[in-house]
Amino acid sequence: MIKKVSNSTTKLIDQFGRTVDYIRLSITDRCDFRCVYCMAEEMTFLPRDEVLSLEECARLVKIFVGLGVSKVRITGGEPLVRKNALWLFEEIGELEGLNELVLTTNGSQLEKQAQDLKNAGVKRINISVDSLHADRFKKITRTGELDKVLRGIQAAKLAGFENIKLNTVLLRGVNNDEARSLVKFAIEQAIDISFIEEMPLGEVGHARESTFCSNEETLNILKSEYTLTASTETTGGPARYWRVANSATKIGFISPHSHNFCERCNRVRITCKGELYLCLGQEDKIDLMPLLRDHPNNDEPVIEAILASMAIKPKGHDFDLRRTEAAVIRFMSHTGG
C-alpha cells in the first residue's frame with residue numbers, strides 16, 4: 001500500500017495498517033567474532049559478487065528514505081570489518097529525511113573508527129557485550145577480546161556519542177548471573193543497556209529451551225537491586241524501557257518470546273545479498289539485488305517491488321521454544337543483527 005501525506009513524502013503501510021519507517025541493512029555477512037547465538041564456529045561466507053556493493057547499499061537507503069523511512073540501522077555480521085564501510089556512512093549520513101543513522105557493532109573496530117563515524121553522521125551506536133569476564137566473553141564470542149571492546153566503548157564516548165547502548169543476550173548457565181553487574185557497568189559509564197531474549201534462528205538441534213532466559217525473570221532480578229520506573233520512551237524499535245533511579249541509564253527489554261511486539265512492528269530487514277525480509281522470524285522475502293543490477297539507472301522497478309512487499313509482510317513471527325529445531329534455519333548473521 002502507498003499513501004501520500006501532507007509533506008509530499010511517501011509512507012510504506014503494510015496490510016495490517018502498520019507504517020514501516022525503519023530499515024535494518026546488513027552490509028556484510030562476515031564478522032571477526034563467532035558468537036554462539038549468531039554464527040556457527042565454522043562459517044562459509046558469501047563470495048564478493050553475491051554481496052551488495054556499497055554503492056548498491058547507498059542506493060537502497062536513498063530509495064527507502066524517499067519512501068518515508070526515517071531510521072536506518074547498519075548491521076552485519078560486523079559492519080565495520082567491511083572494507084571502506086565509512087564511505088557508506090558518509091554517503092547517507094546527511095540524507096534529507098533520514099532522522100537517525102544508527103550502527104550495531106561488536107565494538108571491536110570502534111577504537112579506530114568511532115570519531116570518523118561520528119563525523120559521518122551516525123547518531124547512535126549499539127554495542128554487543130554479553131559478559132564482563134574476559135574468559136567468558138571469549139567463550140561466548142569464540143574469538144573476541146573483551147579489553148578491545150571496552151576500549152571501543154571509551155572511544156565512542158570520547159568521540160562525543162551521547163546515545164550508546166549495550167546489547168546483551170543472557171543465556172541460562174552461561175552468563176545469566178551477570179545481569180546486575182552489566183547494569184552496574186552501564187550506570188557507571190552513563191550509557192544504556194538492552195537485554196534481548198535469544199531468538200530461535202540458526203543451527204538445527206541447538207537446545208534453546210535449556211539456555212533461554214526470559215526478560216521477565218531478568219527484570220525481577222534487577223528490581224531487587226535497583227529502583228526502576230517504567231518509561232514510555234522509545235528509540236523506534238521493539239524495546240520496552242525502564243529508567244534507573246538516580247542515574248542517566250535506561251534498561252531496555254526486547255522480548256520476542258515473552259512479550260511479543262509484532263503488533264507495532266515498523267521495520268524490515270535487508271540482507272547483504274539484497275534480500276528484503278519482511279519479518280525476522282519468517283521466510284517471506286523479496287530479492288532486490290537482481291532489480292538493482294538489471295536496472296542500474298532506473299529506481300522504479302525497485303520501488304515497485306518494495307511497495308508490493310507490504311502486501312506480504314506477515315502479522316508476526318512464530319517463535320516456540322518447545323521446538324527442537326530453529327524457527328528459521330538462517331543464522332542471525334545472515335539476516336543482520
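The values are calculated or read from the model by the stated rules, or taken from the named source; none is laboratory data. All values reported here derive from a predicted model rather than from experimental measurement. Cβ placement follows ideal geometry from the backbone for every residue including glycine, while neighbour counts extend to all protein chains displayed.
For the range 163-199, the tally of residues that are in contact with a Lys or Arg (Cβ under 8 Å, 6 or more places away or on another chain) and not in a helix (DSSP H, G or I) stands at 10. Condition first: part of a helix (DSSP H, G or I) and either surrounded by 19 or more Cβ atoms within 10 Å (Cβ to Cβ) or of a type in the set (Val, Ile, Thr) (or both). Now tell me which residues in the range 133-145 satisfy that. If the condition is that a residue be part of a helix (DSSP H, G or I) and either surrounded by 19 or more Cβ atoms within 10 Å (Cβ to Cβ) or of a type in the set (Val, Ile, Thr) (or both), then 137, 140, 141 are the ones that fit.
Consider residue 112 carefully, then state whether it is of a type in the set (Lys, Arg) and within 18 Å of the chain's Cα centre (by Cα). The answer is no for residue 112. Note on the range 200-211: residues that are outside any helix (DSSP H, G or I) and either modelled with pLDDT of 90 or more or of a type in the set (Gly, Ala, Ser) (or both) total 3. Are any of the residues in the range 25-43 of a type in the set (Lys, Arg) and out of contact with any helix residue (DSSP H, G or I) (no Cβ under 9 Å at 6 or more places or on another chain)? No; the residues of the range 25-43 include none that is of a type in the set (Lys, Arg) and out of contact with any helix residue (DSSP H, G or I) (no Cβ under 9 Å at 6 or more places or on another chain).
Here the range 287-308 is the region considered, the condition is being farther than 15 Å from residue 272 by Cβ and surrounded by 15 or more Cβ atoms within 10 Å (Cβ to Cβ), and the residue that is nearest to the chain's Cα centre (by Cα) is 306.
Conditions tested, residue by residue: (1) buried (at least 17 other Cβ atoms within 10 Å of the Cβ); (2) in a strand (DSSP E or B); (3) touching a strand residue (DSSP E or B) at 6+ places or on another chain (Cβ under 8 Å); (4) touching a residue at least 60 places away in the same chain (Cβ under 8 Å).
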{"position": "58", "(1), (2), (3), (4)": "yes, no, no, no"}
{"position": "72", "(1), (2), (3), (4)": "yes, yes, yes, no"}
{"position": "83", "(1), (2), (3), (4)": "no, no, no, no"}
{"position": "91", "(1), (2), (3), (4)": "yes, no, no, no"}
{"position": "101", "(1), (2), (3), (4)": "yes, yes, yes, no"}
{"position": "126", "(1), (2), (3), (4)": "yes, yes, yes, yes"}
{"position": "131", "(1), (2), (3), (4)": "yes, no, no, no"}
{"position": "155", "(1), (2), (3), (4)": "yes, no, no, no"}
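Residues that are outside any helix (DSSP H, G or I) and of a type in the set (A, V, I, L, M, F, W, C) were ranked within the range 103-124; the one that is surrounded by the most Cβ atoms within 10 Å (Cβ to Cβ) is 103.
In this structure, is residue 41 out of contact with any Gly (no Cβ under 9 Å at 6 or more places or on another chain), within 28 Å of residue 165 (Cα to Cα) and part of a loop (DSSP other than H, G, I, E, B)? Considered against the rule, which asks whether it is out of contact with any Gly (no Cβ under 9 Å at 6 or more places or on another chain), within 28 Å of residue 165 (Cα to Cα) and part of a loop (DSSP other than H, G, I, E, B), residue 41 comes out as yes.
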